[in-house]
Amino acid sequence: MPGRLAAFLCLSAAGAAAAGFLMGWRLAWAGAWAGALGWLVLDMLRAHSLIQAMRNDALGLPPGRFGLWGELSDRIRRALRLREQQTQQAEQRLQEFLAAIQASPNGVVLVDEEGRIEWCNQTAGVHLGLDVERDLQQLIANLVRDPAFIGYLASWNYSREVVIDAPVASRSASGQPMRLSVQAHPYAGNRRMLLTRDITALEKAEEMRRDFVANVSHEIRTPLTVLTGFVETLQTLPLDADERARYLALMGQQAQRMGTLVADLLTLSRLEGSAAPPVNQWTRMRALMAHCEDEARGLSGRIASQPHKLFFAVEADSEVSGVPTELQSAMSNLVTNAVRYTPGGGEVVVTWRLLSDGRGEFTVRDTGPGVAAEHIPRLTERFYRIDRSRSRETGGTGLGLAIVKHIVQRHGGQLRIESEVGKGSRFSITFPATRVREVRARLAASAPASAA
């Protein structure tokens, strides 16, 4: 500042001296004012140059270029650089936050005071049938027409959630119609954030839990009622030896039924909570098939007036790795089910073969009444029955196919069910190639070592 003041005074004095020499000292003051004016013009030109340079490249301006103005530019440049860094960081955090919301399995919709959509993520678009770009600034009540949702949104009582059906085009991961939970959270005055969740699986699990409890209660109560009735009969009525023996036999059947039910429930509980079976424990398929055949022929002789036509075939001598008791349980369940539900004289064909890709397939085909298509996806649910009276006649607990499904999943296999009403059913278990090996190939590989 002192240097600039000295320059200003020098320029003013020079102007006064020049005016005094040329035109006399009466015009000296006018010369001084002219010099000062010249200085101001020069300073303004420098300021204009500085401003122009700052407009072009404020952050690239060299320090100290214009004296005091240069110092000011340095400070402005540092402030701009800091502001730009803060803006970039804020923008980056915003993009990361939006990316996290986009990746959320829950839908997020932001609506303004009037209920117009300000922003929503892709999940909310799928849940509510919205177009995340086209539907911006649209009234959400015009797009989601469910009466329960509209009433909930207008009530301003958001202490609870509302459950609605998703639009027809929206489907859950399982392909079923989607059920949504929607809850609103007010923010920034009268704006609202809507959170949506797909609760289809939760409702399905809750429904299955209720059915399970009801079915277990029913299945246990039925034999208990029979047992109680027979006990009262034995206690109150004088019976001869034959009647007493018959009642005791019926009581034994009901007790055995309860024992089978409890055993199946314990088996299911153990399968659900246990680790995957080992891959180094091998069992011959011929042995498993022979056991299945013995059970099938014995059951057919007990329940059918006319014997079934039973065919068992092992197309390739091979082994399967896993828990032998579980493998036997899964295969026996399929075979005995086929015998139970096929009328006397009908045909049951059981085969084992190796597929071209190294997998093994166990198949049970029967000529029973078949199953309607709408029942097939639910056959492996616990206690799911198409005809309860028929299940009681055959002695089933309603847990056999559920056990089969869990055993197959534990062994990395796949259970397939094909059926047509009036034409019979086909149940197959496909084991992965890592759990199947040919016996002859294994013996051939070990022959040189044995000879040595």
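Values in this text are rule-based calculations from the coordinates and carry no lab data. Bear in mind that the values here come from a model prediction, so they are computed numbers and not experimental data. Cβ placement follows ideal geometry from the backbone for every residue including glycine, while neighbour counts extend to all protein chains displayed.
Stretching Val279 away from Asp242 to a fully extended chain increases their span by 8.0 nm, per 0.36 nm per residue minus the current alpha-carbon distance. Put a plus charge on the Cβ of each Lys and Arg, a minus charge on the Cβ of each Asp and Glu, and nothing anywhere else: the dipole of the stretch 263-405 about its Cα centre is then about 380 debye.
In this simple spin-label approximation, Glu203 and Arg160 carry label points 7 Å from Cα along the Cα→Cβ vector, and these lie 1.6 nm apart. On full extension, the segment bounded by Arg78 and Thr225 gains 44.0 nm, given 0.36 nm per residue less the C-alpha separation. Could you tell me the distance between the Cα centroids of the stretch 208-265 and the stretch 356-371, to the nearest Å? Spelled out, the Cα-based centre of one part sits 35 Å from the other.
In this simple spin-label model, placing a label point 7 Å from the Cα along the Cα-to-Cβ direction at both Val421 and Asn106 gives a separation of 4.4 nm. Packing around the peptides 207-214, 188-195, taken as the average count of other Cβ atoms within 10 Å per residue, puts them in this order, highest first: 188-195, 207-214.
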